[in-house]
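Below is one structure; the comments refer to it alone.
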Amino acid sequence: MPAFFALVSEPLMLLADSAIVGHLGTPQLAALGVAGTILQTLVGICVFLAYGTTSAVARRIGAGDHKGALAQGIDGLWLALLLGVVLALLGLALAPQAIGAFDPSPQVAGYAVTYLRISCLGIPSMLLLLAATGVLRGLQDTKTPMVVAITANLANIGLNVLLVYGVHLNIAGSALGTALAQTGAGIALVIVVVRGARRDGAKLRPDRPGILASAQMGVPLIVRTLTLRAAIVLLTFVATALGTTSVAAHQVAFTLWSFLALALDAIAIAAQALTGRALGAGDVAGTRAITRRMMWWGLFSGVLGGLALWGLRGVYVPWFTSDPDVRRTLAAVLIVAALWQPVNGVVFVLDGVLIGAGDGRYLAMAGVVALMLYVPLALAVLWLGGGIVALWWAFGGYMLLRFLTLTTRERRDGWLVTGATR
């Protein structure tokens, strides 16, 4: 539950930014959409800083090596800082080119470059926040990241309102407010981790072998993340090509799908920490038991989410649009999305289990295979004149491919590597 509330705070922060910037004007809101997409992609690729660190720290905790666990976490923080500085400098230098790739109007482009450049100053803090969150999750502490995330969310709203409307900084105020809130959150969690490291006598200085090991461990998870993002980008690309009504219905359906994914991802995060700890302790039987229990949790949550998505669509669909064509299309798409939710539940959980086990190479390979088989499915919808409902069936097929590759791995023993390190 704490992991869920921490995860929900991020989209809520984005919604708050959109609401505040939206009242400045349409060009500013469009600029936020373009710049925000680039920023989320840069940070999203680095999510391995949280996932990989959770797995590594949890393993050492299970093995009884608390000092080593925190040392591993400190290495992750140094890697996050290094990557954050590099990405921030690249973002500052290449912001006009990155925004230009979306071909916005000159006015929108000007606002977007301003927002992106200011936001880039906060990238090191964002990545430190990811790494520190991973350390604390590995230590079985999800409450501290939740408290910090909620506090940062509230601070973000206050700072945005003050800087945008009080100081009249326009969209630059929104970027600065969000960067300051995220910087505060990152510093807060780093302080918690550093205090723990000092208490247990773990080193704080940069350790080159440890940093390189953390980076090497993250490569497969980057590949896995890129395959997921590529699948989602392709889904949106085809939906856009199908027409205005289709893409409008798709936008709402995918927003709802993403929200349900947060609940499933919260279970996956618990699976990462529990699996890593059990394998670190050499408890294979316990790992199997945890995995099966989490799979049932994922299946149950998926069924529950699917029933809510299906059964309540008559209530919430009118909230999103008054267009009768979009309503009809959206209602049909949501039926398909609801049917796939139980599959999604198991997929998300097993993703977390295998990340917790440090099985990144298999996840990367499975992600590439699933993506390669999904691409022709999605493009066939476009080539054969299918509609948005057919496209969502194809996307469900992608999730089924992931389900098959992950359950096949779970039934075997290759991922059950015990010990403090994999």
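The values are calculated or read from the model by the stated rules, or taken from the named source; none is laboratory data. It should be emphasised that the depicted structure is a prediction, and the values quoted were computed from it without experimental measurement. So basically every Cβ, Gly included, is an ideal-geometry build from the backbone, and we count neighbours across all protein chains shown. In case anyone asks, the SASA skips ligands and DNA or RNA and just uses the protein heavy atoms, side chains included. Shrake-Rupley method; radii C 1.70, N 1.55, O 1.52, S 1.80 Å.
Take each peptide in 86-96, 202-212, 329-339, count the other Cβ atoms within 10 Å of every residue, and average; sorted highest first, the result is 329-339, 86-96, 202-212.
Heavy-atom accessible area for HIS168, with the other protein chains in place and a 1.4 Å probe, reaches approximately 140 Å². Residues in the range 57-71 carry Karplus couplings, in order, of 5, 4, 4, 5, 5, x, 7, x, 9, 5, 5, x, 5, 6, 4 Hz; the curve used is 6.51 cos²θ - 1.76 cosθ + 1.60 with θ = phi - 60°, and Gly or Pro positions show x. Averaged per residue, the range 300-344 has 51 square angstrom of accessible surface, using a 1.4 angstrom probe with ligands and nucleic acids left out. The packing ranking, built from the mean of other Cβ atoms within 10 Å per residue, places the peptides 129-138, 382-391, 345-354, 222-231 in the order 129-138, 345-354, 222-231, 382-391, highest first. If R0 is 30 Å, the Cβ-Cβ spacing of ASP103 and LEU212 corresponds to a FRET efficiency of close to 0.15. Taking each DSSP H run with n ≥ 4 as -39500 (n - 2.57) and averaging over every residue of the chain yields -29500 deg cm²/dmol at 222 nm.
In the context of the full set of protein chains, residues of the range 1-123 present 41 Å² of accessible surface per residue (probe radius 1.4 Å, heavy atoms only).
The Cα center of the range 296-337 and the Cα center of the range 158-179 differ in position by 35 Å. Computed on protein heavy atoms with a 1.4 Å probe, the accessible areas place TRP297, TRP319 in the order TRP319, TRP297, largest first. Between SER258, SER214, SER174, the residue with the greatest mean-square fluctuation in the GNM of the chain (Cα pairs under 10 Å linked by springs) is SER258.
So the label point goes 7 Å from the Cα of ASP141 along Cα→C-beta, right? Which residues of the range 65-81 then have their backbone N under 18 Å from it? Under 18 Å, as judged by backbone N against the label point of ASP141, lie 65-78 of the range 65-81. The stretch between LEU12 and LEU382, if pulled fully straight at 0.36 nm per residue, gains 129.9 nm over its current Cα-Cα span.
Considering only THR183, THR41, THR54, the mean-square fluctuation computed in a Gaussian network model of the chain, springs between alpha carbons under 10 angstrom, is largest for THR41.
Computed from label points 7 Å out along Cα-Cβ, the spacing between ARG195 and ALA308 is 3.4 nm.
Using a probe radius of 1.4 angstrom, the carbon and sulfur fraction of the accessible surface of the chain is 70%. Model label points for MET1 and GLN40, set 7 angstrom from Cα along the Cα-to-Cβ axis, are 2.8 nm apart.
Sequentially through the range 135-142, phi angles give Karplus couplings (6.51, -1.76, 1.60; θ = phi - 60°) of 4, 5, 5, x, 7, 6, 10, 9 Hz, Gly and Pro residues having no value and appearing as x.
For the range 78-145, the set of chymotrypsin sites (Phe, Trp or Tyr not before Pro) satisfying both a DSSP loop assignment and a count of at most 10 other C-beta atoms within 10 Å is empty.
Listed options for volume of the Cα convex hull per residue in Å³ are [x] 133; [y] 177; [z] 234. The value calculated from this structure is the one marked [x].
Can you order the peptides 264-277, 184-197 by their average number of other Cβ atoms within 10 Å per residue, highest first?
Result, highest mean Cβ count within 10 Å first: 264-277, 184-197.
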